[in-house]
Amino acid sequence: MEEVKGLQAKKIAFIGGGAMAEAIIKGVLGGGLISASDIYVGNRTQKRCDYLNATYGVQAMTDNQAAVAEADLVIFAVKPQVAPVALTPALMAHVKPSAWVLSIMGSVSIEQLHAYAPGLPVVRTMPNTPLAVGAGMTAICCDEAVTESMRADAAAIFSSCGEIEFVDEKAIEAITAISGCGPGYCFVIIDALADAGVRAGLPRALAIKLAAQTMAGSGKLCVESGLHPAQLRDQVTSPGGTTIAGIHALENHGVRGAFYDAVMAVLARSQELQSK
(Lines give C-alpha, C1' and ligand atoms only; values in the text may rest on other atoms or scores of the structure.)
Protein backbone atom coordinates (compact mmCIF):
# COMPACT_ATOMS: atom_id res chain seq x y z
CA MET A 1 0.00 0.00 0.00
CA GLU A 2 1.41 3.41 -0.97
CA GLU A 3 2.25 5.70 1.93
CA VAL A 4 -0.12 8.58 2.44
CA LYS A 5 1.75 11.88 2.55
CA GLY A 6 0.69 15.30 3.66
CA LEU A 7 1.97 16.03 7.17
CA GLN A 8 5.52 16.38 8.42
CA ALA A 9 4.33 14.62 11.59
CA LYS A 10 4.20 11.01 10.45
CA LYS A 11 2.54 9.65 13.59
CA ILE A 12 -0.14 11.45 15.61
CA ALA A 13 -1.45 10.57 19.06
CA PHE A 14 -4.66 11.89 20.60
CA ILE A 15 -5.13 11.96 24.35
CA GLY A 16 -8.90 11.78 24.48
CA GLY A 17 -11.08 10.17 21.84
CA GLY A 18 -14.29 12.19 22.10
CA ALA A 19 -16.36 13.96 19.47
CA MET A 20 -13.81 16.67 18.65
CA ALA A 21 -10.97 14.17 18.31
CA GLU A 22 -13.17 12.06 16.06
CA ALA A 23 -13.99 15.10 13.90
CA ILE A 24 -10.27 15.81 13.42
CA ILE A 25 -9.55 12.16 12.64
CA LYS A 26 -12.33 12.16 10.07
CA GLY A 27 -10.96 15.34 8.50
CA VAL A 28 -7.31 14.29 8.24
CA LEU A 29 -8.23 10.87 6.88
CA GLY A 30 -10.69 12.37 4.41
CA GLY A 31 -8.03 14.84 3.30
CA GLY A 32 -5.47 12.09 2.79
CA LEU A 33 -3.06 13.75 5.22
CA ILE A 34 -2.04 10.61 7.10
CA SER A 35 -2.66 6.86 7.18
CA ALA A 36 -5.17 5.55 9.71
CA SER A 37 -2.52 3.14 11.00
CA ASP A 38 -0.37 6.13 12.00
CA ILE A 39 -3.06 7.64 14.22
CA TYR A 40 -3.05 6.55 17.87
CA VAL A 41 -5.77 7.39 20.38
CA GLY A 42 -5.62 7.05 24.13
CA ASN A 43 -9.12 6.92 25.60
CA ARG A 44 -10.52 5.94 28.96
CA THR A 45 -13.12 3.38 27.84
CA GLN A 46 -12.55 0.26 25.76
CA LYS A 47 -15.97 0.62 24.14
CA ARG A 48 -15.00 3.98 22.61
CA CYS A 49 -11.65 2.55 21.51
CA ASP A 50 -13.41 -0.33 19.78
CA TYR A 51 -15.69 2.12 17.97
CA LEU A 52 -12.81 4.29 16.73
CA ASN A 53 -10.81 1.27 15.62
CA ALA A 54 -13.74 -0.26 13.75
CA THR A 55 -14.95 3.00 12.19
CA TYR A 56 -11.65 4.61 11.17
CA GLY A 57 -9.01 1.90 11.35
CA VAL A 58 -6.94 3.89 13.85
CA GLN A 59 -5.05 2.42 16.78
CA ALA A 60 -7.12 3.34 19.82
CA MET A 61 -6.25 1.98 23.25
CA THR A 62 -6.88 2.59 26.94
CA ASP A 63 -3.14 2.93 27.65
CA ASN A 64 -2.28 6.61 27.11
CA GLN A 65 1.44 6.00 27.60
CA ALA A 66 1.51 3.42 24.81
CA ALA A 67 -0.53 5.74 22.59
CA VAL A 68 2.00 8.59 22.74
CA ALA A 69 5.20 6.54 22.64
CA GLU A 70 5.88 6.82 18.89
CA ALA A 71 4.04 10.04 18.12
CA ASP A 72 5.62 13.06 16.44
CA LEU A 73 2.57 15.13 17.39
CA VAL A 74 0.51 14.71 20.55
CA ILE A 75 -2.95 16.28 20.51
CA PHE A 76 -4.47 17.10 23.89
CA ALA A 77 -8.18 16.44 23.32
CA VAL A 78 -9.51 15.98 26.84
CA LYS A 79 -11.81 18.36 28.67
CA PRO A 80 -9.89 21.05 30.61
CA GLN A 81 -11.12 19.75 33.96
CA VAL A 82 -9.72 16.30 33.14
CA ALA A 83 -6.30 17.63 32.10
CA PRO A 84 -4.64 17.45 35.55
CA VAL A 85 -5.55 13.76 35.79
CA ALA A 86 -4.85 12.78 32.17
CA LEU A 87 -1.81 14.88 31.25
CA THR A 88 0.50 13.68 33.99
CA PRO A 89 4.31 13.80 34.21
CA ALA A 90 4.25 9.99 33.94
CA LEU A 91 2.46 10.28 30.59
CA MET A 92 4.72 13.03 29.28
CA ALA A 93 7.78 10.97 30.18
CA HIS A 94 6.75 8.61 27.37
CA VAL A 95 6.54 11.40 24.75
CA LYS A 96 9.52 11.68 22.41
CA PRO A 97 11.72 14.73 23.08
CA SER A 98 11.39 15.66 19.39
CA ALA A 99 7.57 15.68 19.52
CA TRP A 100 5.33 18.72 19.75
CA VAL A 101 1.94 19.35 21.32
CA LEU A 102 -1.33 20.70 19.94
CA SER A 103 -4.21 21.44 22.29
CA ILE A 104 -7.92 21.80 21.60
CA MET A 105 -8.72 22.38 25.28
CA GLY A 106 -10.70 25.55 25.85
CA SER A 107 -9.44 28.11 28.40
CA VAL A 108 -6.06 26.36 28.81
CA SER A 109 -3.34 28.90 28.03
CA ILE A 110 0.01 28.29 26.35
CA GLU A 111 1.65 28.93 29.72
CA GLN A 112 -0.49 26.19 31.29
CA LEU A 113 0.23 23.86 28.36
CA HIS A 114 3.95 24.35 28.95
CA ALA A 115 3.40 23.16 32.53
CA TYR A 116 1.79 19.98 31.19
CA ALA A 117 4.38 19.52 28.42
CA PRO A 118 7.62 21.11 29.63
CA GLY A 119 10.24 21.67 26.96
CA LEU A 120 7.98 20.88 24.00
CA PRO A 121 6.71 23.29 21.32
CA VAL A 122 3.03 24.05 21.89
CA VAL A 123 0.18 25.05 19.59
CA ARG A 124 -3.07 26.20 21.20
CA THR A 125 -6.27 26.03 19.14
CA MET A 126 -9.89 27.02 19.56
CA PRO A 127 -12.01 24.87 17.23
CA ASN A 128 -15.79 24.58 17.29
CA THR A 129 -18.20 21.68 16.97
CA PRO A 130 -19.06 22.09 13.24
CA LEU A 131 -15.68 20.43 12.71
CA ALA A 132 -17.77 17.24 12.82
CA VAL A 133 -19.28 18.05 9.41
CA GLY A 134 -16.19 19.64 7.88
CA ALA A 135 -17.47 23.17 8.52
CA GLY A 136 -15.50 24.15 11.61
CA MET A 137 -13.86 27.43 12.48
CA THR A 138 -10.51 27.09 14.26
CA ALA A 139 -8.29 29.79 15.67
CA ILE A 140 -4.62 28.77 16.01
CA CYS A 141 -1.84 30.35 18.07
CA CYS A 142 1.73 29.12 18.45
CA ASP A 143 4.49 29.55 20.97
CA GLU A 144 7.93 30.77 19.95
CA ALA A 145 9.34 27.22 19.65
CA VAL A 146 6.85 26.15 16.96
CA THR A 147 8.59 25.70 13.59
CA GLU A 148 7.20 26.52 10.16
CA SER A 149 6.62 22.82 9.45
CA MET A 150 4.66 22.45 12.71
CA ARG A 151 2.65 25.53 11.87
CA ALA A 152 1.95 24.09 8.40
CA ASP A 153 0.82 20.79 9.93
CA ALA A 154 -1.56 22.57 12.31
CA ALA A 155 -3.00 24.54 9.39
CA ALA A 156 -3.41 21.40 7.28
CA ILE A 157 -5.09 19.44 10.07
CA PHE A 158 -7.76 22.03 10.76
CA SER A 159 -8.18 23.11 7.14
CA SER A 160 -9.20 19.50 6.48
CA CYS A 161 -12.32 20.07 8.55
CA GLY A 162 -13.14 23.75 8.10
CA GLU A 163 -11.69 27.27 8.05
CA ILE A 164 -8.69 28.51 10.05
CA GLU A 165 -7.12 31.74 11.25
CA PHE A 166 -3.75 32.22 12.96
CA VAL A 167 -4.11 34.67 15.83
CA ASP A 168 -2.30 36.07 18.86
CA GLU A 169 -3.19 34.28 22.06
CA LYS A 170 -4.64 37.45 23.55
CA ALA A 171 -7.51 37.15 21.03
CA ILE A 172 -8.45 33.58 21.98
CA GLU A 173 -10.94 34.42 24.74
CA ALA A 174 -12.94 36.76 22.49
CA ILE A 175 -12.78 34.19 19.69
CA THR A 176 -14.12 31.58 22.09
CA ALA A 177 -17.07 33.85 22.83
CA ILE A 178 -17.84 34.20 19.11
CA SER A 179 -16.99 31.01 17.26
CA GLY A 180 -16.34 28.61 20.14
CA CYS A 181 -19.66 29.26 21.85
CA GLY A 182 -21.34 30.54 18.69
CA PRO A 183 -22.82 27.19 17.61
CA GLY A 184 -24.78 27.19 20.86
CA TYR A 185 -26.23 30.59 20.02
CA CYS A 186 -27.06 29.42 16.50
CA PHE A 187 -28.87 26.33 17.77
CA VAL A 188 -30.98 28.55 20.04
CA ILE A 189 -31.88 30.70 17.01
CA ILE A 190 -32.69 27.65 14.87
CA ASP A 191 -34.88 26.20 17.62
CA ALA A 192 -36.68 29.51 18.18
CA LEU A 193 -37.22 30.10 14.45
CA ALA A 194 -38.51 26.55 14.06
CA ASP A 195 -40.90 27.07 16.98
CA ALA A 196 -42.16 30.20 15.25
CA GLY A 197 -42.67 28.16 12.10
CA VAL A 198 -44.72 25.61 14.03
CA ARG A 199 -46.73 28.48 15.52
CA ALA A 200 -47.36 29.64 11.93
CA GLY A 201 -48.69 26.17 11.02
CA LEU A 202 -45.68 24.31 9.63
CA PRO A 203 -44.83 20.72 10.56
CA ARG A 204 -41.99 20.53 13.10
CA ALA A 205 -39.52 18.65 10.87
CA LEU A 206 -40.05 21.05 7.99
CA ALA A 207 -39.73 24.10 10.25
CA ILE A 208 -36.41 22.82 11.65
CA LYS A 209 -35.05 22.07 8.18
CA LEU A 210 -36.06 25.49 6.89
CA ALA A 211 -34.49 27.27 9.87
CA ALA A 212 -31.27 25.22 9.91
CA GLN A 213 -30.62 25.35 6.18
CA THR A 214 -31.41 29.07 6.06
CA MET A 215 -28.82 29.76 8.76
CA ALA A 216 -26.25 27.44 7.16
CA GLY A 217 -26.79 28.96 3.72
CA SER A 218 -26.67 32.51 5.02
CA GLY A 219 -23.35 31.87 6.72
CA LYS A 220 -21.94 30.27 3.58
CA LEU A 221 -23.11 33.22 1.47
CA CYS A 222 -21.51 35.70 3.87
CA VAL A 223 -18.17 33.87 3.86
CA GLU A 224 -18.00 33.17 0.13
CA SER A 225 -19.34 36.51 -1.12
CA GLY A 226 -16.97 38.55 1.01
CA LEU A 227 -19.72 41.12 1.47
CA HIS A 228 -20.45 42.82 4.78
CA PRO A 229 -23.47 41.20 6.44
CA ALA A 230 -25.28 44.54 6.35
CA GLN A 231 -24.95 44.55 2.55
CA LEU A 232 -26.39 41.06 2.34
CA ARG A 233 -29.20 42.06 4.68
CA ASP A 234 -30.01 45.02 2.42
CA GLN A 235 -30.20 42.71 -0.59
CA VAL A 236 -33.07 40.78 0.97
CA THR A 237 -34.77 43.80 2.60
CA SER A 238 -37.17 45.63 0.29
CA PRO A 239 -38.52 49.07 1.25
CA GLY A 240 -41.73 48.64 3.18
CA GLY A 241 -41.55 44.86 2.71
CA THR A 242 -41.93 41.80 4.90
CA THR A 243 -38.27 41.30 5.83
CA ILE A 244 -37.86 44.81 7.24
CA ALA A 245 -41.01 44.25 9.29
CA GLY A 246 -39.43 41.15 10.79
CA ILE A 247 -36.11 42.89 11.39
CA HIS A 248 -37.95 45.77 13.08
CA ALA A 249 -39.55 43.28 15.47
CA LEU A 250 -36.14 41.75 16.24
CA GLU A 251 -34.65 45.17 16.93
CA ASN A 252 -37.56 46.05 19.21
CA HIS A 253 -36.76 42.95 21.27
CA GLY A 254 -33.09 43.87 21.60
CA VAL A 255 -31.55 41.03 19.59
CA ARG A 256 -28.30 42.93 19.00
CA GLY A 257 -27.96 43.80 22.67
CA ALA A 258 -28.63 40.18 23.61
CA PHE A 259 -25.66 39.04 21.52
CA TYR A 260 -23.43 41.74 22.98
CA ASP A 261 -24.43 40.54 26.45
CA ALA A 262 -23.89 36.88 25.51
CA VAL A 263 -20.33 37.54 24.41
CA MET A 264 -19.54 39.58 27.52
CA ALA A 265 -21.08 36.87 29.74
CA VAL A 266 -18.78 34.29 28.14
CA LEU A 267 -15.74 36.47 28.74
CA ALA A 268 -16.73 37.03 32.37
CA ARG A 269 -17.30 33.33 32.98
CA SER A 270 -14.02 32.46 31.29
CA GLN A 271 -12.17 34.81 33.63
CA GLU A 272 -13.89 33.17 36.60
CA LEU A 273 -12.84 29.69 35.47
CA GLN A 274 -9.24 30.76 34.90
CA SER A 275 -9.01 32.32 38.35
CA LYS A 276 -10.02 29.10 40.12
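Can you confirm whether the stretch 196-207 contains a residue that is of a type outside the set (A, V, I, L, M, F, W, C), modelled with pLDDT of 95 or more, in contact with a helix residue (DSSP H, G or I) (Cβ under 8 Å, 6 or more places away or on another chain) and open to solvent by less than 50 Å² (accessible area, probe 1.4 Å)? Yes; the residues of the stretch 196-207 include at least one that is of a type outside the set (A, V, I, L, M, F, W, C), modelled with pLDDT of 95 or more, in contact with a helix residue (DSSP H, G or I) (Cβ under 8 Å, 6 or more places away or on another chain) and open to solvent by less than 50 Å² (accessible area, probe 1.4 Å).
Summed over the stretch 69-82, residues that are under 21 Å from residue 156 (Cβ atoms) and open to solvent by less than 50 Å² (accessible area, probe 1.4 Å) total 7. Just for the stretch 1-54: of the residues that are free of Cβ contacts under 8 Å to residues at least 24 places away in the same chain and assigned to a helix (DSSP H, G or I), which one is nearest to residue 69 (Cα to Cα)? Checking each candidate, the answer is 37. For the stretch 136-153, filtered to residues that are surrounded by 16 or more Cβ atoms within 10 Å (Cβ to Cβ) and over 15 Å from residue 105 (Cα atoms), the residue that is nearest to the chain's Cα centre (by Cα) is 136. If you check residue 85 against the conditions, is it open to solvent by 30 Å² or more (accessible area, probe 1.4 Å), out of contact with any Asp or Glu (no Cβ under 8 Å at 6 or more places or on another chain) and within 22 Å of residue 19 (Cβ to Cβ)? Considered against the rule, which asks whether it is open to solvent by 30 Å² or more (accessible area, probe 1.4 Å), out of contact with any Asp or Glu (no Cβ under 8 Å at 6 or more places or on another chain) and within 22 Å of residue 19 (Cβ to Cβ), residue 85 comes out as yes. Every listed requirement among (1) without any contact (Cβ under 8 Å) to a residue 40 or more places away in the chain; (2) open to solvent by 40 Å² or more (accessible area, probe 1.4 Å) is met by residue 163 save one, (1). For the stretch 100-113, residues that are over 19 Å from residue 158 (Cβ atoms) and either surrounded by fewer than 14 Cβ atoms within 10 Å (Cβ to Cβ) or in contact with a strand residue (DSSP E or B) (Cβ under 6 Å, 6 or more places away or on another chain) (or both) total 1.
The values are calculated or read from the model by the stated rules, or taken from the named source; none is laboratory data. Remember, predicted model here, so these are calculated numbers, not experimental data. Using ideal geometry, Cβ is built from the backbone for each residue, glycine included, and neighbour counts are taken over all protein chains shown. Calculation scope for accessible area: heavy atoms of the full protein, side chains included, ligands and nucleic acids excluded. Shrake-Rupley method; radii C 1.70, N 1.55, O 1.52, S 1.80 Å.
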